[in-house]
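One structure below.
Throughout, read-outs are computed from the coordinates displayed, never taken from laboratory work. Every value quoted in this text rests on a predicted model; they were computed, and no experiment measured them. Cβ sites come from the backbone with ideal geometry, for glycine too, and all protein chains shown count toward neighbours.
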Amino acid sequence: MYDVLIIGGGLAGLINAIVLSKAGKKIVLIERKTYPFHRVCGEYISNETLPFLASLDINPTEWGASSINHLQVSAPNGTLLSMPLDMGGFGISRYTLDYNLYLKALQSQVTIITGTSVEDVIFSSDTFSVTLSDHTSYTARFVIGAYGKRAKLDKQLNRSYIHKRSPYVGVKYHIQTDFPANYIALHNFKDGYCGLSAVEGDKYNLCYLTTRENVKKSGSIEEMERSIVQKNPFLCQIFSNSKFLFEKPEVINEISFAPKTAVENHILMSGDTAGMITPLCGNGMAMAIHSAKLLSGLLLIADEQKWPREKLEATYTQQWNKLFAKRVWIGRNLQKLFGNERLTAMSVHFLKTLPPLARFLVSQTHGNVF
Ligand SMILES: Cc1cc2nc3c(=O)[nH]c(=O)nc-3n(C[C@H](O)[C@H](O)[C@H](O)COP(=O)(O)OP(=O)(O)OC[C@H]3O[C@@H](n4cnc5c(N)ncnc54)[C@H](O)[C@@H]3O)c2cc1C
């Protein structure tokens, strides 16, 4: 019997595991893939996470993270807005970050099972029984769902958003290119936007979000990049003059930003599984880390003070909403401004004339230091 079983070993799962295990709890974490591995992500993390990471003895600079303090935004026609990033952030690949967190979790005595996925979760008599794809089973007092944006398990739980297809596709490359390492760029194109920022080892992350329809109309990703993405002169310059380091891009689809719930069938959801913010706000990783800090902290208080399960679930839901619901809503609505070529050009042009407004909007997409 484990104290907590965690489904998924991304940022939310690994941080929950590290905090709970350091506090003496018996933790098992199940991850479908085998570390280290690449994931689709812009790999820019807001500095709001640094004090909490430091409290866990985690310093991303030691793993090669680059410091980022300047933002460029371009419209599809090439109109460019350039401004300092007040909070700022750092760039590090998920390959390196997640792998180092995995090693840290192992050091903290977390039992980690990789290369197999959770298939079934049953809650009965105040205990969870969890079955994996290799047919092994585990029991635990609590289960944390940290399995990312969408998984087969959501169907089993009959979560409302799973019945709707999501129109978004994400594509990621690592490249070598000529770009200041302290800048992050967000270049827009018709029905999508593409980020560029440094990660460790003289490499840059080039990652974009677009619609399935955009890919379908073009016939393939390569053709869409040629005929639509590269219409933005900055993206044309990047695609023409960079060395692409992957044989083929990392691609994901079915990215849903629909509202979710923080608790389902007594499973406590963390990170994207509780709610996903649009990458336009560049902050899903900070939210995943923050939601793990919140959940693991509450689990420890609940255990110490012998809270009934209902009290833990209600408190977590209420605090999750208080911290993140507004940010997720802003992200969803800000995203509507982008994609439309004329509207994006007008917005970028307008924000260029009003730097304080531009800085205020960017500050709204970052959270507070935690
Ligand atoms: C195109 C794009 C660009 C982005 N850019 C940025 C950015 O620049 N900055 C930023 O802060 N955020 C960005 N994000 C968001 C960020 O990637 C996510 O918010 C973050 O990864 C969430 O972490 P997580 O731990 O919740 O989920 P994940 O990192 O997705 O981890 C979930 C894990 O669960 C595992 N899993 C799934 N199902 C099962 C199962 N049944 N059993 C066991 N394991 C399972 C998966 O293999 C995965 O490893 C971006 C997202 C997209 C789509």
Other residues with Cβ under 15 Å from the Cβ of Ser82 give, with Lys and Arg +1 and Asp and Glu -1, a net charge of +1
With N residues in the stretch 222-370, what two-decimal value do you get for its Cα radius of gyration over 2.2 N^0.38 Å?
1.35
Quick check: pseudo-label points 7 Å beyond the Cα along Cα→Cβ at Asn265 and Lys336, how many nm apart are they?
3.3 nm
So if I restrict to the alpha-carbon atoms in the stretch 160-293, what is the Rg, and what is Dmax, the biggest pairwise distance, in Å?
16.4, 51
Output the direction-averaged projected area (hull surface divided by four) of the convex hull of the alpha-carbon atoms of the stretch 2-365, in nm².
17.4 nm²
Quote to one decimal, in nm, the extra length available between Met1 and Asn69 on full extension: 0.36 nm per residue of separation minus the C-alpha distance between them.
19.9 nm
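Tally Lys/Arg at +1 and Asp/Glu at -1 over every other residue whose Cβ is under 13 Å from the Cβ of Arg332; what's the total? All intermediate terms of the calculation are to be shown ahead of the outcome.
On the way: positive: Lys260, Lys326, Arg327, Lys336; negative: none.
In short, +4.
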From zero up to wherever the largest Cα-Cα distance of the stretch 278-351 sits, split into 10 Å bins and tell me the percent of pairs in each.
17, 35, 23, 15, 8, 3
For a Förster distance of 25 Å, can you work out the FRET efficiency between the beta-carbons of Ser125 and Thr315, rounded to the nearest 0.05?
0.65
What are the semi-axes of the equivalent ellipsoid for the stretch 56-192, taken as the square roots of 5 times the Cα gyration tensor eigenvalues, largest first, in whole Å?
38, 23, 13
Inter-probe distance in nm under a simple model that places probes 7 Å from Cα toward Cβ, at Thr61 and Lys164
4.4 nm
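If you stretched the chain out fully between Lys248 and Thr34, how much longer would it get, using 0.36 nm times the residue separation minus the C-alpha to C-alpha distance?
Gain in length upon complete extension: 75.1 nm.
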Pairwise centroid distance, computed over Cα atoms, of the stretch 82-147 with the stretch 175-242, Å
30 Å
Write down the Kirkwood hydrodynamic radius of the stretch 1-109, to one decimal in angstroms, obtained as one divided by the mean of 1/r over all alpha carbon pairs.
15.6 Å
Return the long-range amide H neighbours of Ile68 (sequence gap of 5 or more, or a different chain), with a cut-off of under 5 Å between placed amide H atoms.
Gly89, Phe90, Gly91
Which whole-number percent gives the relative contact order of the stretch 224-370, counting Cα pairs below 8 Å spaced six or more residues apart?
20 percent
